[in-house]
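To start, the structure under review is shown below, and the notes come after it.
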Amino acid sequence: MSDSRYFAKIPFNYGGRELDRGEVFALRSLPNDRLLIDLNYVGKIDASMHTFKNCDNCSRIFVGESFLIGHKKKKGGCLAEQIITKAETASLIGADPSKVVVE
Ligand SMILES: [Zn+2]
């Protein structure tokens, strides 16, 4: 498992992608990564976190049901152009891509 996996504590744009609250993503060594951690914009994914929820529309992953619900209910809703691949989803939660189930 990579140790670069985090979740967004607030919505913000990371490298051109709009992250929603609770969304799991990987830091990509961008210039402001350290600042995001220091300012508490992001939280680290650790072994105790295992209730990941997939959006059935865009495959994004969230650290809990409430964040998935927030993602679906936000203004504008879940945007189709933000779809991520199953392989990316799998790598984010450290799973075998063939075993990723969209809930
Ligand atoms: Zn979605």
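The values are calculated or read from the model by the stated rules, or taken from the named source; none is laboratory data. Note that this is a predicted model, so its numbers are computed, not measured. Every residue, glycine among them, receives a Cβ derived from its backbone with ideal geometry; neighbour counts consider all protein chains shown.
List of remarks:
- Residue that is farthest from the ligand (Cβ to nearest atom), among those in the stretch 39-72 that are surrounded by 14 or more Cβ atoms within 10 Å (Cβ to Cβ), over 12 Å from Ala8 (Cα atoms) and of a type in the set (A, V, I, L, M, F, W, C): Met49
- Helices (runs of 4 or more DSSP H) lying entirely in the stretch 25-103 (those with 1 or more residues that are in contact with a helix residue (DSSP H, G or I) (Cβ under 6 Å, 6 or more places away or on another chain) and at pLDDT 90 or above): none
- Some residue of the stretch 30-47 being touching a residue at least 40 places away in the same chain (Cβ under 8 Å) and closer than 24 Å to Lys75 by Cβ: no
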